[in-house]
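Below is one structure, written out as structure tokens; comments come after it.
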Amino acid sequence: MEAMRIDDTNSVEQEKFLETAVKTVKAEAFEMKRSLDKSKRMDALKHASIMLAELRTGLLTPKYYYRLYIDVVNELNHLESFLLDELEKEKKEESIAELYEHVQYAGTIIPRMYLMITVGVVYMKLMPQMRAELLNDLVEMSRGVQHPLRGLFLRHYLLQVTKSLLPDAAEGVEPAIPGSGTVRDTIDFIKLNFSEMNKLWVRQQHQGPSKEREKRERERMELRILVGTNLVRLSQLEHLTQEVYEKEVLPSILEQVVSCRDPISQEYLMECVIQVFADEFHLATLNEFLASCKELAQEVHIKNVLIALIDRLSLYVSNAVGSNIREEIQLFEIFSAQAEGLIQSRSDMPIEDIVSLHTALVSLAVKCYGEKLAYANTVFLSLANNLKDKQVEGIDMYSHAGKELIRVLRVPVDEYKDVLRVALLTDYPRAMLPLNYRGRCTASAFILQNLIDNETGLKSTDDIDAVCSLIECLLSDQPDQPEDAHDSEEFADELNLIASMIHLIKAEDRDVQFLLLNGLRKRLGAGGKWRIRKTLPPIIFSIYELALNYQQSDGDENWDMKVRKMFVCAMGTIGALITTGEMTQLPLNLYLEGAIVANRIKFSENAMVVYEFISKALSVLEDEIADSRERLSALALVTNSVLKVDCLASENWEPLVGQIILAGSKMFKKADQVRTLCSAASLYWKGKVAESEGELRNGNKVTEILKKSAKVAAQCMEPLVQQQLFVHLLNQYYYFYEDGCTVISPDVLSELISRTRDAAIQLEPSREADDIDQHLQHTLQHIRNTKDKYPELAEKLQI
Amino acid sequence: MSSGPRKKALLKVIILGDSGVGKTSLMNQYVNKRFSNQYKATIGADFLTKDVMIDDRLVTMQIWDTAGQERFQSLGVAFYRGADCCVLAYDVTNSTSFKNLDSWRDEFLIQANPRDPDHFPFVLLGNKMDLEQNRAVSSKRAQTWCQSKNNIPYFEVSAKEALNVESAFQAIARDALARESQDSQDFPDFPDQIRLDPNQNNRQQGGGCNC
Ligand SMILES: Nc1nc2c(ncn2[C@@H]2O[C@H](COP(=O)(O)OP(=O)(O)O)[C@@H](O)[C@H]2O)c(=O)[nH]1
Ligand SMILES: [Mg+2]
């Protein structure tokens, strides 16, 4: 907090200083231009000089000084443009020489040097043959400013305004304008300016009280761009050949960098070299550059330098233009050796730095040597070993090291877009291990996500094994897994990914497909209660789907046996959901679904399988489901399923239906008994067995069951409920009657109607009573509407 | 501050856009008529000048090329100050570079803080049209964006094949010049309020030295 306040007051103060200075600059610039307009050149220079004196300030920090500098330079550009214009017209050589001479008399050095440079530029433009000499003059004279901040900006101005004037003719060839200099002159000019600027910059570190070190370092970091401009200029020279770069320019830069022994300067300049020069130059000087890296100060973060270089060259080499470079230079070997050497020599290197070095190497391997899996694999192995040596484990994925580790693991996944290829990196999983449980799961999850996004088909046991090797932590309980891991959203999301993965199993052959599903089932089956609840059901569905696709034997003599095996496998899997998964509803549904699927396939033992499925569903109902509402809906499901199957022989069908009826009559509430029995009655009407042609339409059985329900309804103590049940029964009776069940006599119906009508009158008025009555009225209306079809009944009812 | 006697106008133009869209290449193509496939990162800001004639008026264009990455602008972006026109550039094969245009424009307006920002001249260049087959941003989309920003002029160019570069920069110069003349008309009596106190020149500045 304290520090922040100080900074704020500082910036308020800085703004104020700047404002005052800018005001003077504007006013003097205005006077300068007015004088120029009146052709009073000397007056103009006087005003320029006063304006420039503002740059002598010692009050501004680099960023504010830069703003002032820009305003001043904008004005100097006007001055230069004007002078050039005028002197061009005058066409007198002496004038410019005189002017150049004149400005050297300005009072203080800052205005003097800026004016000399400005006028010097005009001079060079007018007389190109003077270029080399003037450049040399200016760079030498600038030595007069030894204050780091002011000196750096002055020399930056020199670099900026001479940009288009720097001689760039090939060496050894006479330039177009005799005497205008060659690239040689420019190299010398910049080398000198560069070394002077670097000295100023380094010296800044050692000025002022030691307690301001941090501030000073921050300011130095801000100023670095000025020093870097020298390297930019060199890189822009057209005739700076690779040979000259190799033999002279780079060695002299490196010598400057190494000998200054200043970590800030070293780290920045090395990175700057990497950024500004062409890739071809870097490739030609790799060894020299890397050798210098070793000579840098201990405090330098060499990994930044190395990573910048690797990243830059990876990009270059991976583009087609540079592809033959890959064979010529052993980039990967060179860089991995460098990285390893660096890690060994700096025992205090932070884990995240170790990892990020490997990230750069993996990128290089994957992007430039995609076909050489061994390269990428070596990096993961080395990463795993390095982390093991450091004895790090349980890395949090949100820590610096963890983020970096996740990043490196992503590289081949994102780059290959083929998880099966990633799996070929056999040491890759080892690099996941230092992460903690959540981190490993996250890594596995993005691998699965990639598999799904790219629809990578899994076609063999090897494929499945490969994927599983990358998602180990999602498949079963882990030693470092928190107790409540299964409660998290991530856990659920990850299981969904596994479920989606199952849909990617696409073997060419149906037998293999089953083999794969069955194999994966075994693996997933070991996942424990929380996992199997989500992972096994999609396996079961996939098996059903496969079985349905397997409807024809296609001449396969083992077809019957194979289909049966599929269902046995599904049945066993559902069993695991009950015993290990502690589930009830879903297994019951799955059994019933199995029965319906098996019923559709005409394999020899389908009746037995269907029977087995349904009776297992009934046992779940009997043994596992206690809640009466759940029982009710479960029983409805079973009944519906039995209605849908037609392959059971009546000797098997009967006991199943018997069980349903028994279960119905054991329902806790009378109302539930009545309803389930009524549905069971429909089994004898609409149901089918193997022997029957079409529906059973067994009227005797139907009425027997309906009668039984009526008896139960009559026992109901609650008048409202009882009335409700009788209205329901009336509807049921009439339904079968209408559907042609001749066993139901008009007498029964008439009796039911009068019973419900009487009861309706006796009910206490209430909303429920109204509702029931309305239901009854609807029913009666329906009977009246259909009376023409049933004259006997109409007569009996007198309607 | 009439532009009468001083015939030659000096115009400051800033090129902004993501790194890699071809700002440096465009400037080099326009000023030096050269193109290179070689990639060299731009660090900091740098300008090139070029003299052009706009309707009988000789104009020096000072074109500032910039680094698209913040870490290469350690001193901030004060060089936006005093710009007469801002050229926004994107790469037609890279939709991210198009999406970032808004933030470049906003940053320019905040940092350069020009008078009358609604009418400050911008020009949009869609570069790398030689790679049109890989186009990721349609003409229509770019034009719609330009319309939504007060009808910014739009040019589709290729630094590599010198396609449209010349005419785009002509338009840039014209817009910048219009802005500059507008400026001179707006403030005919500019100097009075800041007429100098003669003592101010000699004021001793804390920490300053006579070096
Ligand atoms: N094909 C093609 N490439 C270009 C074009 N302009 C620039 N480039 C390339 O794009 C890369 C980046 O260009 P550069 O000018 O450095 O972009 P800057 O970062 O915006 O300055 C370089 O490799 C250029 O060669 C163009 O018009 N067409
Ligand atoms: Mg650039």
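The values are calculated or read from the model by the stated rules, or taken from the named source; none is laboratory data. Since this is a predicted model, take the numbers as computed values, not measurements. Cβ atoms come from the backbone with ideal geometry, glycine included; neighbour counts cover every protein chain shown. All accessible areas refer to the heavy atoms of the entire protein, side chains included, with ligands and DNA or RNA removed. Shrake-Rupley method; radii C 1.70, N 1.55, O 1.52, S 1.80 Å.
Using 7 Å Cα-to-Cβ label points, what is the A:His486/A:Lys529 separation (nm, one decimal)?
0.5
For the protein assembly as shown, what does the helix formula give at 222 nm: sum of -39500 (n - 2.57) over DSSP H segments with n ≥ 4, over the residue count, nearest 500 deg cm²/dmol?
Taking each H run of at least 4 residues, the total per residue is -21000 deg cm²/dmol.
Roughly how many Å is it from the Cα centre of the stretch A:768-799 to that of the stretch A:708-759, as a whole number?
When both Cα centres are located, 12 Å separates them.
5 Å is the cut-off here: which amide hydrogens, built 1.01 Å from N in the peptide plane, fall below it relative to B:Leu10, excluding neighbours closer than 5 in sequence?
Under 5 Å from the amide H of B:Leu10 lie the amide H atoms of B:Thr60, each far enough along the sequence or on another chain.
Between A:Glu93 and A:Ala176, what length comes free when the chain is fully extended (0.36 nm per residue of separation minus the Cα-Cα distance, one decimal in nm)?
Fully extending the segment from A:Glu93 to A:Ala176 adds 27.9 nm.
Relative to a virtual label point 7 Å from the Cα of A:Glu651 in the Cα→beta-carbon direction, which members of the stretch A:584-608 show backbone nitrogen distances below 15 Å?
Under cut-off, by backbone N: A:607-608.
Net charge around B:Lys149, counting only other residues with Cβ within less than 12 Å of its Cβ (Lys, Arg = +1; Asp, Glu = -1)?
-2
Can you compute the FRET efficiency between B:Ser181 and A:Asp85 using 1/(1 + (r/R0)^6), with r the Cβ-Cβ distance and R0 = 22 Å? Round to the nearest 0.05.
Given R0 = 22 Å and the Cβ-Cβ separation, E is 0.75.
Among the aspartates and glutamates, select those whose C-alpha is under 16 Å from the C-alpha of B:Lys128, and discard any that sit fewer than 8 residues away in the same chain.
B:Asp18, B:Asp91, B:Glu156, B:Glu161, B:Glu166
Quick one: how many Å² of B:Met61 are accessible to a 1.4 Å probe, rounded to 10?
The accessible area comes out at roughly 0 Å².
What's the total accessible area buried between chains B and A, using a 1.4 Å probe, rounded to the nearest 100 Å²?
Its buried surface, counting both partners, is about 4700 Å².
Expressed in nm², what is the orientationally averaged projection area of the convex hull enclosing the Cα positions of the stretch A:198-346?
The directionally averaged projection comes out at 9.4 nm².
Whole number please: convex hull volume per residue, Cα atoms of the stretch A:716-799, in Å³.
Convex hull volume per residue, Cα atoms: 86 Å³.
Please list, in chain and number order, the residues 5+ apart from B:Val123 or on another chain whose amide H is under 5 Å from its amide H, with Hs placed from the backbone.
Answer set, sorted by chain and number: B:Cys86, B:Val87, B:Leu88.
How big is the accessible area of A:Met42 in square angstrom, nearest 10, if you roll a 1.4 angstrom probe over the protein chains?
Only protein atoms counted, so the area is about 100 Å².
Are there chymotrypsin sites (Phe, Trp or Tyr not before Pro) in the stretch A:379-451 that DSSP marks as loop and that have at most 14 other Cβ atoms within 10 Å, and which are they?
A:Tyr398
How many nm separate the modelled label positions at A:Gln781 and A:Lys294, each set 7 Å beyond the Cα in the direction of the Cβ?
For A:Gln781 paired with A:Lys294, the spin-label model returns 10.0 nm.
I need the phi-derived Karplus couplings for the stretch A:125-133: 6.51 cos²θ - 1.76 cosθ + 1.60, θ = phi - 60°, integer Hz, Gly and Pro marked x.
5, 6, 10, x, 5, 8, 3, 4, 5
What percentage of the solvent-accessible surface of the stretch B:13-203, computed with a 1.4 Å probe over protein heavy atoms, is contributed by carbon and sulfur atoms?
That share works out to 45 percent.
Tell me, what HN-Hα J-couplings in whole Hz come from the Karplus equation 6.51 cos²θ - 1.76 cosθ + 1.60 at θ = phi - 60° for each residue of the stretch A:682-691, using x for Gly and Pro?
5, 4, 6, 9, 9, x, 10, 10, 4, 6
Rounded, prolate or oblate, given the Cα gyration tensor of the stretch A:671-751, with a/c below 1.5 counting as rounded?
prolate
Show me A:350-358, B:118-126 ranked by packing, highest mean number of other Cβ atoms within 10 Å first.
Result, highest mean first: A:350-358, B:118-126.
What average number of partner chain Cβ atoms lie no more than 10 Å from the Cβ of the residues making up A:214-225?
Per residue, the number of nearby Cβ atoms from other chains is 2 on average.
At R0 = 22 Å, how high is the FRET efficiency between B:Asp55 and B:Asp118 if r is their beta carbon distance? Nearest 0.05 is fine.
The value I calculate is 0.30.
Give me the compactness ratio for the stretch A:4-72, meaning the Cα radius of gyration over 2.2 N^0.38 Å.
1.30
Using a ≥ b ≥ c from the Cα gyration tensor of the stretch A:496-624 (square roots of the eigenvalues), is it rounded, prolate or oblate, where a/c under 1.5 gives rounded and otherwise the larger of a/b and b/c decides, a/b for prolate?
Oblate.
Mind putting a number on the dipole of the stretch A:716-799 about its Cα centre? Charges go on the C-beta only, +1 for Lys and Arg and -1 for Asp and Glu, and I need it in Debye to the nearest 20.
So the magnitude is around 180 debye.
Between A:Glu133 and A:Ser210, what length comes free when the chain is fully extended (0.36 nm per residue of separation minus the Cα-Cα distance, one decimal in nm)?
23.5 nm
Carbon-plus-sulfur fraction of the accessible area of the stretch A:441-490, 1.4 Å probe, in percent?
Accessible surface attributable to carbon and sulfur in the stretch A:441-490 totals 42 percent.
Taking the Cβ-Cβ separation of A:Arg697 and A:Ser754 as r and a Förster radius of 25 Å, what is the calculated FRET efficiency to the nearest 0.05?
E between A:Arg697 and A:Ser754, to the nearest 0.05, is 0.35.
Share of the stretch A:1-101's accessible area from carbon and sulfur, percent, 1.4 Å?
That fraction is 52 percent.
Based on the inverse mean of 1/r over its pairs of different Cα atoms, what is the Kirkwood hydrodynamic radius of the stretch A:593-712, in Å?
14.4
If you bin the C-alpha pair distances of chain A every 20 Å from 0, what whole percents do you get?
12, 25, 21, 16, 14, 10, 1
Explain nothing, just compute: Karplus ³J(HN,Hα) = 6.51 cos²θ - 1.76 cosθ + 1.60, θ = phi - 60°, for every residue of the stretch A:164-176 in order, whole Hz, x for Gly and Pro.
Each residue of the stretch A:164-176 in turn: 7, 9, 5, x, 9, 7, 4, 5, x, 10, 5, x, 3 Hz.
Roughly what would the spin-label model give for B:Lys140 and A:Ser39, points 7 Å off Cα along C-beta, in nm?
Roughly 6.1 nm, to one decimal.
Would you mind calculating the gained length between A:Ile761 and A:Asp418 on full extension (0.36 nm times residue separation, minus the Cα-Cα distance), in nm to one decimal?
Computed gain between A:Ile761 and A:Asp418 is 115.9 nm.
Counting only heavy atoms of the protein chains, get the accessible area per residue of the stretch A:716-799 (1.4 Å probe) and round it to a whole Å² value.
On a per-residue basis, 61 Å².
Too long at a 22 Å Cα-Cα cut-off: which of A:Lys562/A:Lys602; A:Lys38/A:Lys92; A:Lys506/A:Lys644; A:Lys294/A:Lys403; A:Lys125/B:Lys12; A:Lys529/A:Lys565?
A:Lys506/A:Lys644; A:Lys294/A:Lys403; A:Lys529/A:Lys565
Which semi-axes, in whole Å and largest first, does the equivalent ellipsoid of the stretch B:1-152 have when worked out from the alpha carbon gyration tensor as the square roots of 5 times its eigenvalues?
Each semi-axis is √(5λ); the values are 25, 19, 17 Å.
Evaluated at 25 °C with a viscosity of 0.890 mPa s, what Stokes-Einstein diffusion coefficient in µm²/s does the stretch A:464-555 have when Rh comes from the Kirkwood expression over alpha-carbon pairs?
Using the Kirkwood radius from Cα pairs, D works out to 173 µm²/s.
In terms of modelled amide H atoms, which long-range or inter-chain residues lie less than 5 Å from the amide H of A:Ile395?
Answer set, sorted by chain and number: A:Leu435, A:Asn436.
Give me the residues in the stretch A:37-85 whose solvent-accessible area, probe 1.4 Å, is reduced by at least 50 Å² once all protein chains are included instead of the chain isolated.
Buried by the other chains: A:Asp37, A:Arg56, A:Tyr66, A:Ile70, A:Asn74, A:Asn77, A:His78, A:Ser81, A:Asp85.
Against the longest principal axis of chain A, how steep is helix A:351-368, in degrees 0 to 90 to the nearest 10, with axes from Cα atoms?
Once rounded, one gets 80 degrees.
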